[in-house]
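A.B. asks: Structure incoming, see below.
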Amino acid sequence: MRNRFTIAVVLLNIAWLASATAADATEKVSRFGEYSGYTEAKFDSYVLESVYVPMRDGVRVAVDIYHPAVNGVAVKEKTPTLLTVTYAVRAAILPDGTRYSPWSPEPKQRGNLRGHLLKHGYTIVVADIRGQGASFGEMVGFWSDMDLRDKFDLIEWLADQPWSDGNIGMIGGSGLGNLQISAAAVDPPSLKAIMPAVFNHNFLDDLAMGGVPLLLPDSITGGSSLLDYVAATVLKGEMPANNPIAQWIGYAGGRVAPVDGPEGEQLLSEAIKDHATKRGLLDVAEDISSDVDVATLEYFRPKPATPLEIFQGKDGLSVRPPTNLLPHLNASRIPIYLVAGWLDVNGAAPMIWFRNIEGPKKLLMGSWEHSITETVRNNSTSKEMTPIELRSIEFLEIQHIETLRWFDYWLKGINNGIMDEPPLHYTVNGKNTGERAWLSSEAWPPKYVTRKDFFLGSADETAGLSEKRATSPNQSEFVVDYTATLGLDIRHKFHTVSYPEMSEFNSKGLVFTSDVLQSPVMIAGSPIVTLNVTSTAADGEFHAVLQKVHPDGTSQFITEGAMKASWRVQRNPGYDIYDLPWPDGRQEVVEATPALNESGVTRLEFRLQPTGYRFEEGTRIRLAIAGANKDSTQQIELDPPPTVTIFGGGNHDSKISLPILPPNRNIKIETYRAEGLW
């Protein structure tokens, strides 16, 4: 339990109140997305210190420390620290001899989060994990006991340095967000708060939702890109110029940066030789990138949870789902601010974390994708930007503000009221990608959200989607078309998300469309689809896409989900999933599930990715069902393709259940802002 947090925050508040002088004369504003008058951006540069930090077993980890400075002179007062741990190499020496890191805090670089924080008096630290970059040792597995011990040791070492005030936080997204969860789970005394963004909760669900394995980009599945990058950095200390991952990070043609000092290069050479004898991270990468059994998804199945034997020296080699650490995370009660987007790979992950975290918590959920910064052009102005760029810039601006508010409160003890606000803020999109409303809630799902069922009638007919179930049975059939696709700019390709108009996809399956809406319908959460089906095949994928049909007949993508019929058995995964259906997914259960073509009319129930959207008056709601999505999933193609029949009406409750916001709620839809940083 963390009673020490209450004491620490009180003491920090006293210190802050006693020292507040000029700031008191400035009008103070602190609310969601706005912050001024509480803290001063008085640092304009940094002094870099690159060192080795010894772990408890003697292995040295490479760490870059960026000290806040004025005119290149480091501050003398003690400062709080924000740590990022990476397995992608903390910094590189580029071909032109310059030192570069995507995580360096450039104070004058537009949109640089760490630079923004450094200007406000935070020391920024970036570390290589053991077995990668300039660090020595062997990385034996993600979230292994050794990995957990290292983060504990590193955090406590940072807190003990003469320039540190003893208060440590962590930032970073994607895999770097996962590393924060594991750090908080081991409860380092000096770790006061974390802010993970767009990270996982369960690999099986994130990468194979409903048993349908995603066709991930080469940078994630491995292929040549990941293995080449890891092999080159781990075994040679190099970043190949033509490697897509090295290019994406900004390291193309570079080499691993050594630590400071005359022995830096020699120590780097020794670290790389150490990697070669142990391999470590390369073995993990080869494991991840090995061919996944599409039928059984064997690699992604969660391993049984194991005790955190951090201090007994027992190292596991398994890849643990982050949710295995949930009991330890809740025991630590380290404050967590979750940052996520409706268009991330698995939008449900942050909602599930939010439901299950018992300590201080907040959630920021916007209309953003995984790799948000890719959508921002460096030379754009607000007048030139597309709606997609505007939404990306708003994310960066809100991220800057909320990150500073969060760590000012928990690390500096500034009583800015952030914990007195509703813990959850999320967007509802308007009629296009350039509009949104910000809403708040005390819980997820919001208590003011209710579910409304829209039942499937006959496909392609008027009112094929209705609030009333047809009394007479009906059925619609289609032959699976393996060319059906949602396109290439989709959520799990980890770049700018831009789904195409849906007419071509709709022609490859069945569509069920409502009457024209007489008043707006707003949704927030995960739609749930129920289908009563038969098929001529033993198994098959079922893809459901929720769409908005505009008055001109064009159909706009809203959200999607999928299920493999053999994964239709449900169970609770061991944590709170609120009202969502959840496939069992255990291999023995999947193998014991009767073949679809021998089961008669079979009921499938699965969730779509959560979203926030408004269907305007005059539009229609559409549900499209297909048997494939060739650019999204690792599909198994049958010859001949199976025929699928969907049954509705009568005793069959084929439907989509939508999470509806109350019509009388005052929701102001506005265009995205591009102010402040831009």
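A.B. asks: What residues qualify as long-range amide H neighbours of LYS452, i.e. H under 5 Å apart, gap of 5 or more or another chain, H built at 1.01 Å from N?
C.D. replies: LEU658, ILE660
A.B. asks: Right, here's the next one. Based solely on C-alpha atoms, express the radius of gyration and the Dmax of the range 589-639 in angstrom.
C.D. replies: 16.4, 47
A.B. asks: How long are the three semi-axes of the equivalent ellipsoid of the range 101-187, in whole Å, if each is the root of 5 times an eigenvalue of the C-alpha gyration tensor, listed from largest down?
C.D. replies: Details: eigenvalues 109, 50, 31 Å².
Over the Cα atoms of the range 101-187, the semi-axes work out to 23, 16, 12 Å.
A.B. asks: If eta is 1.002 mPa s and T is 20 °C, what Stokes-Einstein diffusion coefficient results for the range 538-678, Kirkwood Rh from Cα pairs, in µm²/s?
C.D. replies: 118 µm²/s
A.B. asks: For the pairs LYS362/LYS548; LYS452/LYS548; LYS119/LYS192; LYS452/LYS508, note any where the Cα-Cα span goes beyond 24 Å. Kindly include the intermediate steps, with their values, before the conclusion.
C.D. replies: On the way: LYS362/LYS548 31 Å; LYS452/LYS548 17 Å; LYS119/LYS192 20 Å; LYS452/LYS508 27 Å.
Result: LYS362/LYS548; LYS452/LYS508 exceed 24 Å.
A.B. asks: Any idea what Rg and Dmax come out to for the range 54-158 if you just take the C-alpha atoms, in Å?
C.D. replies: Cα radius of gyration and Dmax of the range 54-158 are 14.7, 42 Å respectively.
A.B. asks: Once Rh for the range 504-571 is found with the Kirkwood sum over Cα pairs, what is the Stokes-Einstein diffusion coefficient at 10 °C and 1.306 mPa s, in µm²/s? Spell out each step's value before the answer.
C.D. replies: Working: Rh = 14.5 Å.
Translational D for this selection: 110 µm²/s.
A.B. asks: Counting only protein heavy atoms and using a 1.4 Å probe, what share of the accessible area of the range 487-560 belongs to carbon plus sulfur, as a whole percent? Kindly include the intermediate steps, with their values, before the conclusion.
C.D. replies: Values: 1280 of 2320 Å².
C and S fraction of accessible area: 55 percent.
A.B. asks: Would you mind working out the magnitude of the charge dipole of the range 97-216 relative to its Cα centre, with +1 at each Lys and Arg C-beta and -1 at each Asp and Glu C-beta, to the nearest 20 Debye?
C.D. replies: Computed about the Cα centre, the dipole is about 640 debye.
A.B. asks: Dividing the alpha-carbon radius of gyration of the range 403-477 by 2.2 N^0.38 Å (N being the number of residues), what value is obtained? Please report the intermediate quantities before stating the final value.
C.D. replies: Values: Rg = 21.7 Å, N = 75, 2.2 N^0.38 = 11.3 Å.
Expressed relative to 2.2 N^0.38 Å, the Cα Rg reads 1.91.
A.B. asks: Here's a follow-up. Per residue, what volume in Å³ does the convex hull of the Cα atoms of the range 433-531 enclose? Intermediate values should be presented prior to the final figure.
C.D. replies: Values: hull volume 17.1 nm³, N = 99.
Per residue, the Cα convex hull of the range 433-531 comes to 172 Å³.
A.B. asks: Still on this structure, I have one more. Run down the lysines and flag those whose C-alpha is under 23 Å from the C-alpha of LYS236, throwing out any fewer than 8 positions away in its chain.
C.D. replies: Answer for LYS236, where 23 Å is the Cα cut-off: LYS273, LYS278, listed by chain and number.
A.B. asks: In addition: Averaged per residue, what accessible area in Å² does the range 34-175 show with a 1.4 Å probe, protein chains only?
C.D. replies: Numbers: 4740 Å² over 142 residues.
Heavy-atom SASA per residue in the range 34-175 reads 33 Å².
A.B. asks: For a Förster distance of 25 Å, can you work out the FRET efficiency between the beta-carbons of THR386 and GLU106, rounded to the nearest 0.05?
C.D. replies: 0.45
A.B. asks: Work out from phi, with θ = phi - 60° and the Karplus expression 6.51 cos²θ - 1.76 cosθ + 1.60, the ³J(HN,Hα) of each residue of the range 333-348, listed in order in whole Hz, and give x for Gly and Pro.
C.D. replies: For the range 333-348, the Karplus-derived couplings read 6, 5, x, 10, 10, 8, 10, 8, x, 4, 9, 6, 3, 9, x, 6 Hz, x marking Gly and Pro.
The values are calculated or read from the model by the stated rules, or taken from the named source; none is laboratory data. Since we're looking at a predicted model, the values are computed, not measured. Using ideal geometry, Cβ is built from the backbone for each residue, glycine included, and neighbour counts are taken over all protein chains shown. These area figures cover heavy atoms from the full protein model, side chains too; ligands, DNA and RNA do not enter into them. Shrake-Rupley method; radii C 1.70, N 1.55, O 1.52, S 1.80 Å.
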